[in-house]
Amino acid sequence: RNLDRLRPHDEVKFVVQDRADYDYARDVIQRHNLATRCAAIHLSPVHGVLPAADLAAWVLADRLPARVQLQVHKVIWSPTMRGV
């Protein structure tokens, strides 16, 4: 139901752990026509689980209208550090 409430200035983020998560996100993006209904779509790989290069390759291969976003706080500081 939340997808029905999207406005043109909203952004949607999917955290992707594996290919199954990516396929699900891609399906939701297409089925709900998110590319025309919100300002941006972000896909973020689970840090230390899915290589960002793999996610980027999938997005490019499918020409998905989404941005690959890293969890920068886990790159800059220790992934276990809290409060950053």
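Throughout, read-outs are computed from the coordinates displayed, never taken from laboratory work. All of these numbers come straight from a predicted model, not from anything done at the bench. Here Cβ is always computed from backbone atoms with ideal geometry, including for glycine, and neighbour counts include all displayed protein chains.
Could you list all residues from the stretch 61-84 that are basic (Lys, Arg) and surrounded by 10 or more Cβ atoms within 10 Å (Cβ to Cβ)?
ARG67, LYS74 - these are the residues of the stretch 61-84 that are basic (Lys, Arg) and surrounded by 10 or more Cβ atoms within 10 Å (Cβ to Cβ).
What's the total number of residues in the stretch 37-60 that are crowded, with 16+ Cβ neighbours inside 10 Å, among the aliphatic types (A, V, I, L, M) and part of a loop (DSSP other than H, G, I, E, B)?
1
Cβ-Cβ distance below 8 Å, separation of 6 or more or different chains: which pairs start in the stretch 1-19 with a residue that is surrounded by 10 or more Cβ atoms within 10 Å (Cβ to Cβ) and end on one that is part of a strand (DSSP E or B) and polar (S, T, N, Q)?
Once the first residue is surrounded by 10 or more Cβ atoms within 10 Å (Cβ to Cβ) and sits in the stretch 1-19, its partners that are part of a strand (DSSP E or B) and polar (S, T, N, Q) give LYS13/SER44; PHE14/SER44; VAL15/SER44; VAL16/SER44.
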